[in-house]
Amino acid sequence: MPFIDLQSNLASGCFSEDFLRSFCSICAAALNKPEERMNVVVHPGLPMLMNGSCSPCVVLSVSAISVTDSAEKNKEHSAKIFSFLTKELGLTEDRIVIQFHELQPHQVGKKGTVMSFL
């Protein structure tokens, strides 16, 4: 059950429903997870500074169980996600940062319990 949290200073109009669905598909494929288990949240229009500039940018947080636990895996995930975001949002790679967080099953609640028991 991956959690994708995108923060950007781009306007909300840049993040249509089509974008959200495509982004969800790309992230699901990159993480080898079913789309129906993905959780994607976009926070547009934020005041942001990256590398000393307020130019358009994205900070992305990817949290998941079992798929973000190594540099090798995250390098592959990063390449696929960067490719999509640079193409779809017109950003250069230096205007995107991704944080990967490994979750444990006991850290994710669902259906009144935690993933450890599902």
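If I compute solvent accessible area with a 1.4 Å probe over the protein chains, what percent of it on the chain is carbon and sulfur?
52
When only C-alpha pairs under 8 Å and at least 6 residues apart count, what is the relative contact order of the chain, in percent?
31
What is the spin-label model distance, in nm, from residue 86 to residue 39 if the labels are put 7 Å beyond Cα along the C-beta direction?
3.1
Give me the percent of DSSP beta bridges within segment 6-118 that run antiparallel, rounded to the nearest 5.
Around 40 percent of the beta bridges assigned by DSSP in segment 6-118 are antiparallel ones.
What number results when the radius of gyration of segment 5-51, computed over Cα atoms, is divided by 2.2 N^0.38 Å?
Cα-based Rg divided by the globular estimate yields 1.26.
HN-Hα J couplings of segment 106-113 from phi, Karplus 6.51/-1.76/1.60, θ = phi - 60°, integer Hz, Gly and Pro as x?
6, 9, 10, x, 7, 6, x, 9
Across the chain, how many lysine pairs, 8 or more apart or on two chains, come within less than 18 Å at their alpha-carbon atoms?
Taking the Cα cut-off of 18 Å, the pair count is 4.
How much mean residue ellipticity at 222 nm does the chain get from its helices, if each DSSP H run of length 4 or more adds -39500 (n - 2.57) and you divide by all residues, to the nearest 500 deg cm²/dmol?
That calculation yields -9500 deg cm²/dmol at 222 nm.
If you work out semi-axes √(5λ) of the Cα gyration tensor in Å from the coordinates, which of [x] 25, 15, 14; [y] 22, 20, 11; [z] 20, 17, 14 do you get?
Only one listed value fits the structure, namely [x].
Compute the angle between helix 17-31 and the longest alpha-carbon principal axis of the chain, please, reported from 0 to 90 degrees and rounded to the nearest 10.
That helix lies at roughly 60 degrees to the long axis.
The values are calculated or read from the model by the stated rules, or taken from the named source; none is laboratory data. Computed from a predicted structure; not experimentally measured. Every residue, glycine among them, receives a Cβ derived from its backbone with ideal geometry; neighbour counts consider all protein chains shown. The protein model used for the area step is the full one, side chains on, heavy atoms only, and it has no ligands, DNA or RNA in it. Shrake-Rupley method; radii C 1.70, N 1.55, O 1.52, S 1.80 Å.
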